[in-house]
């Protein structure tokens, strides 16, 4: 493993480039993003991601032996290794309580047409979801439930948002992803003969009353406005989750999890 470059000053110009990757415009221009955290980076490597750069801080690492193994693993894949002082690392870290790992990786840039699917796929469509935390939480659900693909339709945030990566615990690299327009997503599903199930509040059909066996896509919408009329109109089924309290809606990530796991239950 090559010897790492050592940076001690928080004012180092190289660190400014890392901070700039917090902006979506910079991420899209450079087609790169950030992965922070030991667990997140480990999962990314397990999924076949090859980091371009790894910044690490021994003063913030927990288990030194395990941490050293991860640094060596990233270095063995060809990542440029940079050791940072605590002050320098805290300058570029974007989460509270950093554990001393921050990597630069390529972003996910895939349309629906670029995806391959297994027979009878289970797909989650997230239309217009604004909050990176919700998008990341849905990725964790998709990973746990064995969802075959997650599509961001008319996305407000991008898959490379560091907060999405963090909220997903790194599963943004383990689940097949795509970003597309809502119209493009609907057309692609129709071309592949995949029925669409739309989650909406105003329907008499419960989410448990639909057959999710076979190919199916489950669509959830933006936190405030829900699914667009175009997606609702294109749906084969429109379902709701029963609500008996005073609140008229659930968090979108929670709604997605409830319906996805009903599909998993039926699919056996």
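Tabulated data for the structure shown
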{"item": "1 or more residues modelled with pLDDT under 90: qualifying helices (runs of 4 or more DSSP H) within region 1-79", "result": "64-76"}
{"item": "Residues located in region 190-205, provided they are part of a loop (DSSP other than H, G, I, E, B) and either more than 11 Å from residue 113 (Cβ to Cβ) or not assigned by TED's automatic domain parsing to the domain that holds residue 235 (or both)", "result": "193, 194, 195, 200, 201, 202, 203, 204, 205"}
{"item": "Output for region 46-59, where each listed residue is crowded, with 18+ Cβ neighbours inside 10 Å and touching a helix residue (DSSP H, G or I) at 6+ places or on another chain (Cβ under 6 Å)", "result": "49, 51, 54, 56, 57"}
{"item": "Filter result for the condition that a residue is over 30 Å from residue 214 (Cβ atoms) and under 23 Å from the mean Cα position of the chain (by Cα), over 124, 84, 70, 117", "result": "70"}
{"item": "Residue under evaluation residue 87, criteria (1) in contact with a strand residue (DSSP E or B) (Cβ under 9 Å, 6 or more places away or on another chain); (2) modelled with pLDDT of 95 or more; (3) in a helix (DSSP H, G or I), criterion not met", "result": "(1)"}
{"item": "Only one of 139, 124 that is outside the structural domain of residue 68 (by TED's automatic domain parsing), closer than 18 Å to residue 33 by Cβ and touching a helix residue (DSSP H, G or I) at 6+ places or on another chain (Cβ under 6 Å)", "result": "139"}
{"item": "Single match in 219, 256 (criterion: within 17 Å of residue 137 (Cβ to Cβ), part of a strand (DSSP E or B) and either touching a strand residue (DSSP E or B) at 6+ places or on another chain (Cβ under 6 Å) or not assigned by TED's automatic domain parsing to the domain that holds residue 117 (or both))", "result": "219"}
{"item": "Yes/no for residue 175 being in contact with a strand residue (DSSP E or B) (Cβ under 7 Å, 6 or more places away or on another chain), part of a loop (DSSP other than H, G, I, E, B), within 21 Å of residue 116 (Cα to Cα) and without any contact (Cβ under 8 Å) to a residue 60 or more places away in the chain", "result": "yes"}
{"item": "Any hit, region 195-203, residues being farther than 18 Å from residue 131 by Cβ, crowded, with 20+ Cβ neighbours inside 10 Å, touching a residue at least 60 places away in the same chain (Cβ under 8 Å) and within 25 Å of the chain's Cα centre (by Cα)", "result": "yes"}
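Here's the yes/no breakdown for (1) part of a helix (DSSP H, G or I); (2) free of Cβ contacts under 8 Å to residues at least 60 places away in the same chain; (3) within 18 Å of residue 255 (Cβ to Cβ):
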{"site": "125", "(1), (2), (3)": "no, no, yes"}
{"site": "134", "(1), (2), (3)": "yes, no, yes"}
{"site": "139", "(1), (2), (3)": "yes, yes, yes"}
{"site": "152", "(1), (2), (3)": "no, yes, yes"}
{"site": "158", "(1), (2), (3)": "no, no, no"}
{"site": "169", "(1), (2), (3)": "no, no, no"}
{"site": "179", "(1), (2), (3)": "no, no, no"}
{"site": "183", "(1), (2), (3)": "yes, yes, no"}
{"site": "188", "(1), (2), (3)": "yes, no, no"}
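The values are calculated or read from the model by the stated rules, or taken from the named source; none is laboratory data. All values reported here derive from a predicted model rather than from experimental measurement. Glycine gets a Cβ as well: all are built from the backbone with ideal geometry, and neighbour counts include every protein chain shown.
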